[in-house]
Amino acid sequence: APPSIPPWKSDLISLCLASNILTFGTFTLKSGRQSPYFFNCGLFSRARLIRAISSAYAQTLDTYAKEHEEEKWGFDVLFGPAYKGIPLAATTVEKLAGIDETRWGEVGYAFNRKEVKDHGEGGLMVGESLKGKRVVVIDDVMTAGTAIQEALSIIQAQGGTLVGIIIAVNRQEKMPSASEKEGKGDDGTVRGSAIGAVRKQTGVPVLAVLTLGDIIEGMRGMGRDQEVKLMEGYYEKYGTED
Ligand code: OMP
């Protein structure tokens with residue numbers, strides 16, 4: 001069968017493998033789940049890597065905006081939660097201006113401080129004000145959807161209107177069960193996806209550059225059968241289509 005993912009996605013996956021951004025082993029996730037794979041966005045720290053991921057984020061946002069022209073979907077500020085969201089927000093808006101300056105030339109970026117500054121310009125926020133603005137959050141990886149909650153409350157407190165969320169990787173996982181949260185393992189109950197819960201909670205689109213499905217597909221195309229099997233096994237246990 002022909003691969004169902006576009007070449008730019010398999011190229012990005014190859015780059016992530018070559019730079020150990022995507023690695024295999026035994027990882028304990030924030031949710032407590034044990035994963036055979038891990039995606040580390042902190043390692044997009046070299047010129048050609050940050051260029052690749054910021055281009056992919058920008059392309060994903062631009063494509064979504066163009067596909068939702070009728071609803072006039074767009075945004076004024078890209079908010080990158082500290083710390084990992086900061087370079088992502090800055091480099092992605094720069095790439096957006098490069099794609100279509102008429103559409104994106106006035107878009108801003110903003111980020112929060114982890115410690116509130118009590119001198120100089122002061123405050124919690126740096127960059128564009130969120131007040132009265134349409135805001136998109138840019139983040140790295142979504143598993144259970146807990147990391148994104150802090151960003152949502154900051155936007156609310158700053159008087160912004162959330163209109164979208166973009167992440168590099170949607171791990172396509174089910175919500176953790178109550179027993180998992182207590183560290184007692186999955187109780188086998190049927191639950192929806194973490195991303196679906198965030199969509200429902202916020203009412204906004206959650207865009208992803210890559211999904212676990214894309215990664216599996218891309219690596220299958222590279223003949224990396226061993227790792228594909230590990231990811232499929234994990235998907236069997238914790239995955240959802242969403
Ligand atoms: P949730 O808060 O469960 O959605 O997990 C998202 C966070 O987990 C990310 O912001 C990362 O800090 C971390 N993470 C990764 O960076 N890469 C992964 O492959 C998996 C996780 C994770 O712990 O789930």
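Excluding residues fewer than 8 places away in the same chain, name every one of the lysines whose C-alpha is closer than 30 Å to that of K30.
K9, K84, K114, K117, K174, K181, K184, K200, K229, K237
By the scheme Lys and Arg +1, Asp and Glu -1, what is the net charge of all other residues having a beta-carbon under 13 Å from that of L43?
Net charge in that neighbourhood comes out at +2.
Describe numerically, in nm with one decimal, the distance between label points set 7 Å from Cα along Cα→Cβ at V190 and at E232.
My value for the distance between the label points is 2.5 nm.
May I ask for the net charge around V107, where only other residues with Cβ less than 14 Å from the Cβ of V107 are counted and Lys, Arg are +1 while Asp, Glu are -1?
Result for the local shell: -3.
Roughly what % of DSSP beta bridges within region 139-228 run antiparallel, to the nearest 5?
10
For region 177-236, what does the alpha-carbon gyration tensor say about shape, rounded, prolate or oblate, given a ≥ b ≥ c as the root eigenvalues, a/c under 1.5 as rounded, and a/b over b/c as prolate?
Oblate, because a/c is 1.5 or more while a/b does not exceed b/c.
Determine the relative contact order of the chain: mean sequence separation of Cα pairs under 8 Å and six or more apart, normalised by residue count, in whole percent.
19
Among I215, I13, rank each residue by its count of other Cβ atoms within 10 Å, from fewest to most, as a rough exposure measure.
I13, I215
Counting helices only, and only those DSSP H runs with n ≥ 4, report the 222 nm mean residue ellipticity of the chain as the sum of -39,500 (n - 2.57) divided by its residues, in deg cm²/dmol to the nearest 500.
Here the helix-only value at 222 nm equals -12500 deg cm²/dmol.
Over all distinct alpha-carbon pairs, what is the Kirkwood Rh of region 82-214 in angstrom?
For region 82-214, inverting the mean 1/r across all distinct Cα pairs yields 16.4 Å.
Computed FRET efficiency, Cβ-Cβ of R134 and S179, R0 35 Å: what is it to the nearest 0.05?
0.35
What does the net charge come to around G196 if you take all other residues with beta carbon closer than 15 Å to its beta carbon, with K and R at +1 and D and E at -1?
For residues surrounding G196, the net value is +2.
Just the number, please: percent antiparallel of the DSSP beta bridges in the chain, rounded to the nearest 5.
35
Can you tell me which of 78-90, 55-67 comes out highest on packing, and rank the rest after it, using the mean Cβ neighbours within 10 Å?
78-90, 55-67
Work out the charge dipole of region 52-161 with +1 on the Cβ of Lys and Arg and -1 on the Cβ of Asp and Glu about the Cα centre, then indicate which of L61, V126, V107 is farthest towards its positive end.
Of L61, V126, V107, it is V126.
Which ordering of E173, E121, E182 is given by a fewest-first count of other beta-carbon atoms within 10 Å?
E121, E182, E173
Would you mind putting 143-153, 100-110, 162-172 in packing order, based on average other-beta-carbon counts within 10 Å, highest first?
Ranking, from highest mean packing down: 162-172, 143-153, 100-110.
Quick one: if the Förster radius is 35 Å, what FRET efficiency do H68 and V116 give, using the C-beta to C-beta distance and rounding to 0.05?
0.45
Could you tell me which of rounded, prolate or oblate describes region 1-124, using a ≥ b ≥ c as the square roots of the eigenvalues of the alpha-carbon gyration tensor, with rounded for a/c under 1.5 and, failing that, prolate when a/b is larger than b/c and oblate otherwise?
Oblate, since a/c reaches 1.5 and b/c is not below a/b.
Region 131-202 to region 1-52: how many Å between their Cα centroids?
20
Quick note: the coordinates plus some simple rules give every number you see, no bench work behind them. Keep in mind it's a predicted model, so treat the numbers as computed, not measured. Quick reminder, even Gly has a Cβ in these numbers, built from the backbone with ideal geometry, and neighbours come from all protein chains shown.
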